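We did not get these values from a lab; they are worked out from the coordinates using the rules stated. These figures come from a predicted structure and were not determined experimentally. Cβ: placed from backbone, ideal geometry, glycine included. Neighbour counts: every protein chain shown.
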Amino acid sequence: MKQRVEIKNELLYLFLILLVTVYFAYTTHTPNQTYILSGVVGILLILTWFIRAFTLYSGRKISQYSEVIQRISLKERFFTNFVLPVLFYVSLLFFIYYNTSFLMDMVLILISLLLLLILFINVKSSFKKVYSIEVQTRAVFDFICIASFYMILSVLIRLSFSIWLSVLLITLFSLIFFWSDIKIHRKESLSALTISLISSLFVAMTSCIFFNTNIFVVPAIGTLAFYLILSLWNIRFMGKIKLVDYIPPFIYSVLALILILNI
């Protein structure tokens, strides 16, 4: 019963976001142009939840004997707690807009809202950690980044840009999501930015190699390359230095690649 009380506000927000997102999906398949307004309302609901959660839970007393409140830095959490969730939701809206299957829209909406619910719960829990973000919360952000990148890449392929513009845009979005992982682990530096840029170029070039295939293969390959880099980074951030620790992501990626190319 206690757990239900703790997440009742999150469930309410998710229900409201579900309503406006389903309405957005429905109106994109009709002449109705109010889908823009429903998308904006969905974004505002997400921002409202994070603002409310930050206001209520981001501070704690330094001790039970003191009234001094210690607060989490808004600057340090702004990108991960405000920008990244909005990017995720906006990428979902764009994917829905360019998708032709209403049934697929519903499945994707439900999966995305489940991710948002997990994110809400973990972020609220992570506010108890003033100086760090919990490992479980970092994992949720990884899923958010991977899902967002897949949906954005799917949209870019459908827009039929030139290959050079596609490389530029894929590099840009990859860099944004890679840098978000750097910020979550608090590893910001010039060398981290350089590695992020090189990794983004790798993802973009890998995606463009398969540009002559269909619109389903390219996003899958690009996201697989993105996942591989992100997994290797996370292993390194965990302090593991043995070669054997880095083998599993390569094995998973090769198996997934074989599966994708044989679909």
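Using the Cβ-Cβ distance between residue 213 and residue 100 with R0 = 25 Å, the FRET efficiency computed as 1/(1 + (r/R0)^6) comes to roughly 0.80.
Could you work out how much longer the chain between residue 26 and residue 187 gets when fully extended? Use 0.36 nm per residue separation minus the Cα distance between them, nm to one decimal. Kindly include the intermediate steps, with their values, before the conclusion.
Working: separation 161, 0.36 × 161 = 57.96 nm, distance 4.20 nm.
My answer for the length gained is 53.8 nm.
In the elastic network of the chain, a GNM with C-alpha springs shorter than 10 Å, the most mobile of 124, 187, 242 is 242.
Between the entries [x] 19.9; [y] 18.7; [z] 18.2, the label attached to Kirkwood radius over Cα pairs in Å calculated for this structure is [x]. Provide, for the chain, the number of lysine pairs with alpha carbons under 18 Å apart, each pair being eight or more places apart or on different chains. Taking the chain as the scope, the lysine pair count is 14. Sequence-distant contacts, meaning Cα pairs under 8 Å at least 6 residues apart, place the relative contact order of the chain at 16 percent. Working note: 222 nm ellipticity from helices only, DSSP H runs with n ≥ 4, each -39,500 (n - 2.57), summed and divided by the residues of the chain, gives -25500 deg cm²/dmol to the nearest 500.
Per-residue 3J(HN,Hα) values for segment 167-179, derived from phi via the Karplus relation 6.51 cos²θ - 1.76 cosθ + 1.60 with θ = phi - 60°, read 4, 4, 5, 5, 4, 4, 5, 4, 4, 4, 6, 5, 5 Hz in sequence order (x marks Gly and Pro). Label separation (residue 41 vs residue 255): 4.4 nm, computed from points 7 Å beyond Cα along the C-beta direction.
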